[in-house]
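Structure first, commentary second.
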Amino acid sequence: MDFVKGRQRPEFNEIKDYDEFCKYYWYREELIKICKDLGLKASGSKIELNEVIKAYLSGDKILPEKRRSKRKKATITELTLDTGLIECGFTFGNRFREFFAEQTGVKPFKFNVDMVASAKAVKENGDESFTLGDLLDIYYGKKTYVRYDKSALQWNKFVKDFCADDATKIYDERLKAAASLWRIVRDSKVLPLSRTFLI
């Protein structure tokens, strides 16, 4: 349970508004469960899930997207930079790794996080105009479709560094201590993310 000024975090159904909700720390898994229990959209990053809950507490509902019926995929034998991402049934598998390895000369080729986020968004949006060439431009930083939400990576690095620091062993519940300090670091415009913790 999370605490604010000595008060135990209430159950979600006891929370009256979004301001009160924001006073407490919520893990992504908790947000997913809350959204599922309410019949709301329960996928996406913590930021996206928070937006779903914010809408709900304001009287709006963001419902899960209906799954599109699977159309028979056209078999495309030759991939080019003009091939549509949806048209070719793009995946992060070997066929496409090899294609991008040939384009970039980088072997083994690894998709970067912005490529992954963009490909996911293209599929969710049904954007048939987006091509493999567009994805290559994202790799080179020439184009932006969507950016990967790096806040989860920052939290993961913070927790890893926090737990690796011997000075933090004084806390019985290190994860709770890390979560409390993370809120201060995350919300501060002055404090840098570092391995030096205020204890």
Paramagnetic label zone (point 7 Å from Cα along Cα-to-C-beta, residue 176; backbone N under 18 Å) in region 8-33: 8-12, 23-28, 30
Packing-ranked peptide list from 89-95, 156-162, highest mean Cβ count within 10 angstrom first, is 156-162, 89-95
Karplus-derived 3J(HN,Hα) from phi for region 100-108 (6.51 cos²θ - 1.76 cosθ + 1.60, θ = phi - 60°), whole Hz, x at Gly and Pro, runs 6, 5, 5, 5, 9, x, 9, 9, x
Within the set of other residues whose C-beta is less than 14 Å from the C-beta of residue 94, count the net charge using Lys and Arg as +1 and Asp and Glu as -1. +2
Taking R0 as 25 Å and r as the Cβ-Cβ distance between residue 120 and residue 27, the FRET efficiency 1/(1 + (r/R0)^6), rounded to the nearest 0.05, comes to 0.70
For an R0 of 30 angstrom, estimate the FRET efficiency from the Cβ-Cβ distance between residue 164 and residue 106 and round to the nearest 0.05. 0.45
Amide H neighbours of residue 131 at under 5 Å, excluding residues fewer than 5 places away on the same chain, with H built from the backbone geometry, are 85
Residue-wise, which Karplus ³J(HN,Hα) couplings in Hz belong to region 131-141, taking 6.51 cos²θ - 1.76 cosθ + 1.60, θ = phi - 60°, and x for glycine or proline? 10, 5, x, 5, 5, 5, 4, 5, 4, 7, x
Rotationally averaged projected area of region 3-57 (alpha carbon convex hull; nm²): 3.5 nm²
If packing is taken as the average number of other Cβ atoms within 10 Å across a peptide's residues, how do 22-29, 101-108, 42-49 rank, most packed first? 42-49, 22-29, 101-108
Within the under-14-Å Cβ sphere about residue 60, not counting residue 60, Lys/Arg +1 and Asp/Glu -1 give a net charge of +1
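Each value in this text was obtained by applying a stated rule to the coordinates, not by laboratory testing. Quick caveat: nothing in here was measured; it's all calculated off a predicted structure. Please note: Cβ atoms are built from the backbone with ideal geometry, for glycine as well, and neighbour counts cover all protein chains shown.
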